[in-house]
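The values are calculated or read from the model by the stated rules, or taken from the named source; none is laboratory data. This structure is a prediction, so every number in the text was calculated from the model and none was measured. Here the Cβ positions follow ideal geometry from the backbone for every residue, glycine too, while neighbour counts run over all protein chains shown. These area figures cover heavy atoms from the full protein model, side chains too; ligands, DNA and RNA do not enter into them. Shrake-Rupley method; radii C 1.70, N 1.55, O 1.52, S 1.80 Å.
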Amino acid sequence: MPAKKSVSVRTYIYAVTFLVFAVIMFGVVVYSVTAHIMKQQMGNKCLGLASAVAALLEADIKEYRNFIHSLDATSEYYVKTKKLIEKIRFDNIDNIAFLYTEIRVSEDTMMYLFDGEKEESATFAYPGLREPLTTTRRRAYDAQSAYSGGFVTTIWGTLMSAYAPVFDTNTGEFIGLVGADVSVEQYDVVMKKLFAVIAGSAAIVALMGFLIIHLSRAKIHADKANISKSDFLSHMSHEIRTPLNAVIGMTAIGKAACDIEKKDHAFDHIGVASRHLLGVVNDILDINKIEANKFELCEEVFDFDTMLQSTLDIVRFSVDKKHQTLTVNIAPNVPRGGGGGIIGDSQRLSQVITNLLSNAVKFTPEGGLITLEAGLLSDEKGACSLGFTVSDSGIGISRKQQGRLFTPFQQAEGDTYHTYGGTGLGLAISKSIVDMMGGKMSVESELGKGAKFSFSVPLKKGRLSAPPANQDESIPGAPDDFKKYRVLLVEDMEINREIVMELLSPTGIMVDWVENGAQALKRYKENMGKYDIIFMDVQMPEMGGYEATRRIRSLDDPRAQVVPIIAMTAHVFREDVERCLEAGMNDHLSKPLAFGAVLNILKKYLRQEKMSLAASRDAEIQ
């Protein structure tokens, strides 16, 4: 099936704009129609009441004409008719503001006769009161017929007026008008509510539209990210399966080989493939830490030359394999030697330089040139800023490609992976590390003319601790110096126990092992003080490493409080290490284990353990 084409954000914007415009136009139409209907209804009500009063007057037209001439407000006819009109008005008070009768006394003047208002009212129009003719009245007089006009502003306020003619039923002569006025207050209330509803509807539609646009943008970005991550997972599958294939294949070859050289050859390839696989896993873990804001730096005093040499040792083999020339230029003002040190995260700084050098090696052809330069950018009040540049004579990077170099799961071009391999994470990780250090990273390159990556990081100056002149002989200096110590190995996987025991074998240390935390607790309680250090796996059946550590630390024996317990786990995130420490463990070894890391742990803690146990024995004697 063809891929479903996604709707663009611009399409959503057009659709929302049209929808909001349609709602507004619909509101305008509804508002106009409602206004027209309300005016018509108000006019009809006024006209109906005016016509009813006109019919009442025409029924006794002789008395009405006599009153016009006399204007006698004390007459029985006036009193009777006034009360009747007054009653009609107040019975319809919700619809009618004023109800009255009038005649035209000149071209531009009218005169009130009967008024439905109370006589004590301030707006009462007494018989004989004259006013100028309004436009609406003039039209009604000229037409001598029923008339309903629009809104008119008068001294009594803004009103809608309707007029019904009064005729002499005997002669057919036009006598005057009956007027009925309605206030616009009710109309205003209704129309304001309608306007609020229409405006609110338009606002809701606009808000929903903006939400749709926002969500559509988020979805498009998420789709792009998912596509990138899908491509990344596809690349990772290849990156992981390739070394796994080498490990599995070379393992089979090594087992079948009778020649020692062939076995060694297979083992060498297994080692290379395993280290490559570990690098892939480490890259994935690093980018995951960065995206989860769990990536941390560890500051320490380090020697610049030592850090740089260990970095160069990592890439030296690859450089030699491609017959490339690696030139290193270190400015003389960089703090180095003479006991001077730098305070910062040497491991992460080395990782950045290693990534840049590895990329330079990868994208530079055989016999190419690679240069590493380092210099002091600033130096004041114990702080310094170092600048590093890695340049090569490789394939180069176009300006368009440079814009996405530091984005996770991306490489300069999609086919770069197929040609050169790699996870596409190294530069993103390096840029993040430099940013976390407070520095900056940039790239200068042209396609086919090599590339130059530069970065700067602010650091501090420090002093290296001088090694002690005479080391305590209790600190093991060589693997066979550990013969007098005993370790309790707690590991449920047989192959992992075998690996640890083989790693420990050259040290001469005595090893006892158990399969889970419950067995470890029992063995330690039965042999209190026998073990100088405990290597504890974390995830095990029956009882895990955390619980076993807490139980050992809670034993009523001072030696249980100080015996070093070292976590061995594949969990390598910061919170995993913190959980180990919270459980009472002293340190953390990440799997896969390296002999150097294990040896350093033995050197670090067996001396502390010996001193702590001695202190415990002294406390017991006292």
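The table for this structure:
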quantity: Wholly enclosed helices (runs of 4 or more DSSP H) of segment 480-576 bearing at least 1 residues open to solvent by less than 50 Å² (accessible area, probe 1.4 Å) and aromatic (Phe, Trp, Tyr); calculated: 517-526, 545-553
quantity: Residue within segment 90-102 that is farther than 14 Å from residue 46 by Cα, without any contact (Cβ under 8 Å) to a residue 40 or more places away in the chain and open to solvent by 50 Å² or more (accessible area, probe 1.4 Å) present; calculated: no
quantity: Residue within segment 187-206 that is surrounded by 12 or more Cβ atoms within 10 Å (Cβ to Cβ), in contact with a strand residue (DSSP E or B) (Cβ under 9 Å, 6 or more places away or on another chain), in a loop (DSSP other than H, G, I, E, B) and at pLDDT below 90 present; calculated: no
quantity: Options 180, 140; residue that is touching a Gly at 6+ places or on another chain (Cβ under 9 Å), modelled with pLDDT of 85 or more and either under 19 Å from residue 39 (Cβ atoms) or open to solvent by 20 Å² or more (accessible area, probe 1.4 Å) (or both); calculated: 180
quantity: Filtered residues of segment 390-406 (kept if surrounded by fewer than 20 Cβ atoms within 10 Å (Cβ to Cβ) and modelled with pLDDT under 85); calculated: 398, 399, 400, 401, 402, 403, 404, 406
quantity: Verdict on residue 48 being at pLDDT below 90 and either charged (D, E, K, R) or closer than 30 Å to residue 114 by Cα (or both); calculated: yes
quantity: Output for segment 246-257, where each listed residue is part of a helix (DSSP H, G or I) and at pLDDT 75 or above; calculated: 247, 248, 249, 250, 251, 252, 253, 254, 255, 256
quantity: Condition met for residue 343 (open to solvent by 30 Å² or more (accessible area, probe 1.4 Å), touching an Asp or Glu at 6+ places or on another chain (Cβ under 6 Å) and part of a strand (DSSP E or B)); calculated: yes
quantity: Segment 94-145, residues that are in a loop (DSSP other than H, G, I, E, B) and small (Gly, Ala, Ser); calculated: 97, 106, 116, 121, 122, 125, 128, 145
quantity: Count of segment 494-513 residues which are within 50 Å of the chain's Cα centre (by Cα) and free of Cβ contacts under 8 Å to residues at least 24 places away in the same chain; calculated: 6
quantity: Conditions (1) modelled with pLDDT of 90 or more; (2) within 19 Å of residue 454 (Cα to Cα); (3) open to solvent by 50 Å² or more (accessible area, probe 1.4 Å): number failed by residue 365; calculated: (2)
quantity: Residues located in segment 266-296, provided they are closer than 25 Å to residue 249 by Cα, hydrophobic (A, V, I, L, M, F, W, C), free of Cβ contacts under 8 Å to residues at least 60 places away in the same chain and surrounded by fewer than 18 Cβ atoms within 10 Å (Cβ to Cβ); calculated: 267, 272, 281
quantity: Criterion: out of contact with any Cys (no Cβ under 8 Å at 6 or more places or on another chain), modelled with pLDDT of 65 or more and on the phi > 0 side of the Ramachandran plot - qualifying residue of 450, 426; calculated: 450
quantity: Criterion violated by residue 164 - all others in (1) touching a strand residue (DSSP E or B) at 6+ places or on another chain (Cβ under 9 Å); (2) modelled with pLDDT of 85 or more; (3) open to solvent by 50 Å² or more (accessible area, probe 1.4 Å) satisfied; calculated: (3)
quantity: Qualifying residue in segment 77-86 (condition: open to solvent by less than 30 Å² (accessible area, probe 1.4 Å), basic (Lys, Arg), more than 19 Å from residue 159 (Cβ to Cβ) and in contact with a strand residue (DSSP E or B) (Cβ under 7 Å, 6 or more places away or on another chain)); calculated: yes
quantity: Subset of segment 26-71 (residues that are out of contact with any helix residue (DSSP H, G or I) (no Cβ under 7 Å at 6 or more places or on another chain), open to solvent by less than 30 Å² (accessible area, probe 1.4 Å) and not aliphatic (A, V, I, L, M)); calculated: 43, 46
quantity: Matching residues in segment 298-340 - criterion: being open to solvent by 60 Å² or more (accessible area, probe 1.4 Å), closer than 18 Å to residue 352 by Cα and assigned to a loop (DSSP other than H, G, I, E, B); calculated: 298, 299
quantity: Some residue of segment 8-20 being part of a helix (DSSP H, G or I), among the aromatic types (Phe, Trp, Tyr) and either within 30 Å of residue 185 (Cα to Cα) or modelled with pLDDT of 80 or more (or both); calculated: no
quantity: Scope segment 510-548; condition at pLDDT 90 or above, hydrophobic (A, V, I, L, M, F, W, C) and farther than 25 Å from residue 571 by Cβ; matching residues; calculated: 510
quantity: Candidates 342, 330, 260, 270, filtered to the one that is over 32 Å from the mean Cα position of the chain (by Cα), farther than 25 Å from residue 431 by Cβ and modelled with pLDDT of 85 or more; calculated: 260
